[in-house]
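Q: For reference, the structure I am asking about is given below.
The values are calculated or read from the model by the stated rules, or taken from the named source; none is laboratory data. What you see is a predicted model, and the numbers here were worked out from it, not measured in a lab. As a convention, Cβ positions derive from the backbone with ideal geometry for all residues, glycine included, and neighbour counts pool all protein chains shown. Keep in mind that these areas ignore ligands, DNA and RNA; they rest on the heavy atoms of the full protein, side chains included. Shrake-Rupley method; radii C 1.70, N 1.55, O 1.52, S 1.80 Å.
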Amino acid sequence: MEKFDLLVIGGGPGGYVAAISAAQNGLKVACIDKRKSLGGTCLNVGCIPSKRLLHSSKLYKEIINDSIQHGIQIKKPTFDLLKMMEGKNNTVEKLTKGIEHLFKKNNIKRIIGHASFDNDKMVKVDDNKFSAENIIIATGSRPSELKNIKIDEKYIVSSTGALNFEKIPKKLAIIGAGYIGLELGSVWSRLGADVTVIEYGNSIVPTMDADISNNFFKELQKQGINFMLESEVISANVSKNKVFLNIKSMENNLEDKIIFDKALLAVGRTPTTNGLGLDNLNIGVNSKGYIEVNQFYETSCKGIYAIGDVIEGPMLAHKASAEAEAVVDIITGRNGQVNYNAIPAVVYTSPEVAWVGKTKQELDKYNINYKEGKFLFSANSRSKVTGNSSGMVKVYSHIDSNKILGAHIMGEHAGELIGEFVVSIEMGASAEDIALICHAHPTLSESIKEAASIASYGKTIHS
């Protein structure tokens, strides 16, 4: 039986970061993952392939819609879906092999197979056993399912299936209006599919700031995406190469049957803890399936930690990576911690939406007095130059201290721009601090300065 200082179960953004960080701190490390390629869901069938297809489809749509405005005439552009998929797969392969190289560079042992705990805190992989003083569970999550909808990955698909369509579906149903559904819905809508998003709630992306969400909803409608809010899929059946959905409107209690070529079930994700043998060590799991941990990410079994999607919190790759480094710090005797108020979220549609900190709903719920600064990209010079002028920057600051409580951006490159607010919240900056900073002109980042000026002084130069 081989012994290690640290065993990491899971090779995704939580697991591989933990393994590399621990190895760089001088620990003898092994990482166990059932996939042959490292990177977990994110790199293999999630963040990375979806962003590649989002970028490819966005380029195609921009050529159709925007090139003529810049004096560029193109006769009826076409696309090759097979080449798009090849590009996606090549990107995934390069990145996963990159992590494999980092494992070799840092002398991390890779173990491919399904890991489970013995009742003696040993980890089994097939017929082999491994032990370590410390173990990190980072097994990620899988697509959530509904009892009345069976995924076959051919007609009714998860996000994995929706990344691998061999042809454009004429009519595509997206069940769920969260990050995944809207991003993949955008991909296939841009490439010609008639997309309908079916959402049980009365708004899209409920964790998003309400004002931003409403504007985002309108932008997606303008792009031709159809929405059925406050609607429930009662049943789904496949017949004669078609998907038949029975949909009930919560508003009028009426049912309707609509036929689609494909349906994507995107109603969230579920922690992957099945088959780990957690019961053998009496490791607590709550009613939602999350592993219970203390403030040091330690489970009820001493020396066994859990991070990422298997514990409570937003299911984001960068959140898992931050927790990974924090746990390694704790294991190596340092003060590892994560500021959960400074974790950004991004929806990679067009326009992008990004936010960090509190939403208006949260501030109102907890009776926090705040000031609001809002600046539209339509008043920003760089937006006018590029022609991408939809969207806004919003910042909330405390009414007394003016410290930034939350920030929300909808528009081009929102995912990049939000970084300034993440740093500001982490460092305890005020809106006035940002308002006084000189931002380059002409840039989209000037809108951040303008919104901060409004929150601080109630006015700004260009609005």
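Q: Go through the cysteines of the chain and tell me which have no other cysteine Cβ under 4.7 Å away.
A: 31, 301, 438
Q: Holding the Cα-Cα limit at 31 Å, pick out from 97/170; 154/384; 83/222; 365/459 the pairs that are longer than that.
A: With Cα atoms farther than 31 Å apart: 97/170; 154/384.
Q: Oh, and also: About the Cα centre of region 1-94, what is the dipole size in debye to 20, counting +1 per Lys and Arg Cβ and -1 per Asp and Glu Cβ, all else neutral?
A: 220 debye
Q: Then there's this: Rank by packing, highest mean first: peptides 9-17, 51-59, with packing defined as the count of other Cβ atoms within 10 Å averaged across residues.
A: In decreasing order of mean packing, 9-17, 51-59 become 9-17, 51-59.
Q: Same structure again: DSSP H helices in the chain with Cα extent of 27 Å or more along the helix axis and mean Kyte-Doolittle hydropathy at least -1.0?
A: Span-like helices in the chain: 81-105.
Q: Another question, if that's okay. Please work out whether region 1-40 counts as rounded, prolate or oblate from its C-alpha gyration tensor, where a ≥ b ≥ c are the square roots of the eigenvalues and a/c under 1.5 means rounded, while otherwise a/b larger than b/c means prolate and anything else oblate?
A: Oblate is the answer for region 1-40, as a/c is 1.5 or above yet b/c matches or exceeds a/b.
Q: State the extension gain, in nm to one decimal, for the chain segment bounded by residue 302 and residue 286, taking 0.36 nm per residue of separation less the distance between their alpha-carbons.
A: 4.0 nm
Q: Same structure again: Would you mind telling me the share, in percent, of accessible area of region 251-324 contributed by carbon and sulfur at probe 1.4 angstrom?
A: In region 251-324, the share of accessible area belonging to carbon and sulfur is 47 percent.
Q: In region 15-126, carbon and sulfur make up what percent of the accessible area (probe 1.4 Å)?
A: That fraction is 52 percent.
Q: Using the Cα gyration tensor of the chain, with a ≥ b ≥ c the square roots of its eigenvalues, what is the shape: rounded (a/c below 1.5), prolate (a/b larger than b/c) or oblate (neither)?
A: oblate
Q: Then there's this: What shape does region 313-401 have by the C-alpha gyration tensor, where a ≥ b ≥ c are the square roots of the eigenvalues, rounded means a/c under 1.5, and otherwise prolate means a/b greater than b/c and oblate the rest?
A: oblate
Q: Turning to a different aspect of this structure: Using per-residue counts of other Cβ atoms within 10 Å, averaged over each peptide, order 353-363, 193-203, 141-151 from highest down.
A: Top to bottom by mean Cβ count within 10 Å: 353-363, 193-203, 141-151.
Q: Also, I was wondering about something else. State in Å² the accessible area per residue of region 48-186; use a 1.4 Å probe, count heavy atoms of protein chains only, and round to the nearest integer.
A: Per residue, region 48-186 has 56 Å² of solvent-accessible surface.
Q: Additional query: Can you sort 315, 84 by solvent-accessible area, 1.4 Å probe, largest first?
A: 315, 84
Q: Once ligands and nucleic acids are excluded and a 1.4 Å probe is used, how much of residue 462 is accessible, expressed in Å² to the nearest 10?
A: Answer for residue 462: close to 110 Å² accessible.
Q: So in the chain, what percent of DSSP beta bridges are antiparallel if you round to the nearest 5?
A: Counting DSSP beta bridges with both partners in the chain, the antiparallel share is about 60 percent.
Q: Now, a different point. Per residue, how many Å² of accessible area does region 202-297 show with a 1.4 Å probe?
A: Result: 53 Å² per residue.
Q: To continue, here is another question. Sort 445, 389 from largest to smallest accessible area, using a 1.4 Å probe on the heavy atoms of the protein chains.
A: Largest accessible area first, the list is 389, 445.
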